[in-house]
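Heads up, the thing below is written out as structure tokens.
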Amino acid sequence: MCPMIERDITSFEARVYEATCLIPRGMVTTYATIGRIIGCRSPRAIGQALRRNPNMPEVPCHRVISSDLTLGGYSGERAGPLLEQKRRLLKAEGVVFVDDRLAKESQLWSGL
DNA sequence: TACAAGCAATAGT
DNA sequence: ACTATTGCTTGTA
């Protein structure tokens, strides 16, 4: 029944979760944008919150990339098979990456 | 309660 | 390429 996945998430983690869920399918956003939405000026804190993954896989954390339009990381790994899977997930949603970089900048979600 | 260490980043030099 | 900055979580005393 109750999978009790949420553990003792803090307010910060809840905000990150909410902001991440706001990302439309087929688009991506950056840690900085998420921080902008929840009012956090430290993208590292967001990466850490997502790394802990308070509620997986309900949260499309794979739609969060770096401001440099690079893939960033996934599940705590900044490189490796998991990151490759992240790319694959994004590709399945129509987001194309070339050379570990977002091909179309128009697919960036500005948080509007 | 207090202090120290670490993190899926970003900006500036 | 390298260093500094930054906010938040976790662990230890």
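If you take every residue apart from residue A:37 with its C-beta less than 9 Å away from the C-beta of residue A:37, what net charge results, scoring Lys and Arg +1 and Asp and Glu -1?
Values: positive: A:15, A:36; negative: A:18.
Spelling it out: positives minus negatives among the neighbours equals +1.
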#### Entry: Qualifying GluC sites (Glu not before Pro) for the range A:22-112 [loop in DSSP, other Cβ within 10 Å: at most 10]
none
### Message
Where in chain A is the longest stretch that carries no trypsin sites (Lys or Arg not before Pro) classed as loop by DSSP and with at most 15 other Cβ atoms within 10 Å?
### Response
A:42-77
### Task
Round to a whole angstrom and tell me the spacing of the C-alpha centers of the range A:14-33 and the range A:37-59.
9 Å
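Can you pull the Kirkwood radius for the range A:35-82, inverse mean 1/r over Cα pairs, to one decimal in Å?
Numbers: mean 1/r = 0.0879 Å⁻¹.
Result for the range A:35-82 stands at 11.4 Å.
None of the figures in this text is laboratory data; all of them are computed from the coordinates on show. From a predicted model like this one, the values you see are computed outputs, not experimental measurements. No Cβ is skipped: glycine too gets one built from the backbone with ideal geometry, and neighbour counts run over all protein chains shown.
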